[in-house]
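Here is the structure we will look at.
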Amino acid sequence: MLSPRDWWSCDGQGGRESKRPRHATPASATAWPDVEGFTRRGVLATFGLAALAWAMPRTALSQVAVSPESNGNVLVCVFLRGGLDGLSAVVPYADDDYHRARPSLGLGAPNDRNAAGRTLKLSDTFGLSPALGALMPLYESRQMAVVHAVGSRDQTRSHFEAMNAMERGLAAPGEGDASGWLARHLAARPASTASPLRAVAFGGVMPDSLRGAPGATAIQKLEDFRLQTRDAQSARARLGKLYADGTDEMAVAGRETLSVLDTLNRLDVTGYRPQNRAAYPTTGFGQGLRQAACLIRADVGLEIASLDMGGWDTHVAQGTAVGWLPTLLQELGDSLAAFAQDLGPTMRNVTISVQTEFGRRVAENAGLGTDHGRGSVMFLIGGGVQGGQVHADWPGLAPEKLEEPGDLRVTTDYRDVMAELLSARTPNPAIARVFPGHRPKSLGLIKAS
């Protein structure tokens, strides 16, 4: 049986795929030996691959800048890896076919006292999983909107292929170039004013959505990104002299990497205290959002924050009100709610998008889980969101309305959501470059800043 974190090796039926995930540049702390002097050759020889990245054009730690057209808004992109069961997160409780398909896993209507778990009313059709209860105040105050039956045109139901399509901003895998949609977004907004932290991925790897970005940094922990030596001040001074002159790529990258370090050293990352009594979960995802809030409050020129949360491949023992999936949903909801509470009024300049590569099969399986499907949900929270609504061109769950072999049909293209978000909030006048070959439809989910 696969564990909750084994989504990367799942073949769609609970077995293991032969493929392994493609990861981009790893994030690493900048560690330095305790030596008397540095040379450029010595830096390369000592630090191996981490330092070798300095010699690459457009390294992840160089060319990081704020666009002169930036309006100060921040986009926080959350990817739920493994395939979120949208029918359990946002339940179509008024659809009788839902209850017939899920006699054990189905959640009840808000007023159903006999159900194993009652949803929180979003509309006369949809209810929010009680595990996401921390998000209800955001929905009720019109700071959160839901998009249902959303996804790509990928038909493979493979984690790798579906994520590849979405992170590259394409309809389906195997199309277009290898760059990510966020990378093309940043490239379409040329940077000129130097800033150490324009786009940051909080995690161990750079996501494919930022692959090829003109400046993006992957950081596991902000507090770990420092000179790790007994005399950091002296080491910083010597490195500054080492890279003070020169126009070659290593010299430029060295200066800009030191700029990242200098900026982070000026922040009291370890001592950051969330405001408004916000309490983040101690999980990796919760602490990632805490670090994103720290950078946003520090006003260091952050435009894009990217975070992942894995474990959503619920083939067995999925749970209803309690269990594997509700535990993940609670972590997600509590983390997002803490982030919004922490930032308070600053959320008017921050918009969160939450997406997943695909949804789950409508019918529960013999293991009381759900297999790979198609349509799922997206959440939009914060600045500019026309909240308090569930956007759904609902196709229905009757057997004859499902996509073979029994999946919720995708009626909203995820690119329409992202295109509207970028156009209204960043703004980006070159959406055709970000989502090549796609003509976005207006959904009325985001208002211009």
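The values are calculated or read from the model by the stated rules, or taken from the named source; none is laboratory data. All values derive from a computational prediction rather than experimental measurement. Cβ placement follows ideal geometry from the backbone for every residue including glycine, while neighbour counts extend to all protein chains displayed.
Structure notes:
- Residue in the stretch 411-428 that is crowded, with 24+ Cβ neighbours inside 10 Å, hydrophobic (A, V, I, L, M, F, W, C) and not in a helix (DSSP H, G or I) present: no
- Filter result for G151 (surrounded by 21 or more Cβ atoms within 10 Å (Cβ to Cβ) and over 27 Å from V316 (Cα atoms)): no
- Any chance A201 is part of a strand (DSSP E or B), touching a Pro at 6+ places or on another chain (Cβ under 6 Å) and crowded, with 23+ Cβ neighbours inside 10 Å: yes
- Subset tally (residues that are surrounded by fewer than 14 Cβ atoms within 10 Å (Cβ to Cβ) and under 22 Å from T411 (Cβ atoms)) for the stretch 429-442: 4
- Annotation: of all residues in the stretch 115-133 being assigned to a helix (DSSP H, G or I) and small (G, A, S), the one that is surrounded by the most Cβ atoms within 10 Å (Cβ to Cβ) is A131.
- Some residue of the stretch 266-278 being at pLDDT 70 or above, hydrophobic (A, V, I, L, M, F, W, C) and within 30 Å of E357 (Cβ to Cβ): yes
- Residue count for the stretch 77-114, restricted to those that are surrounded by fewer than 19 Cβ atoms within 10 Å (Cβ to Cβ), among the charged types (D, E, K, R) and not in a helix (DSSP H, G or I): 3
- Scanning the stretch 371-424 for residues that are touching a residue at least 24 places away in the same chain (Cβ under 8 Å) and among the basic types (K, R) yields R374, R409, R415.
- Any hit, the stretch 293-307, residues being of a type outside the set (D, E) and free of Cβ contacts under 8 Å to residues at least 40 places away in the same chain: yes
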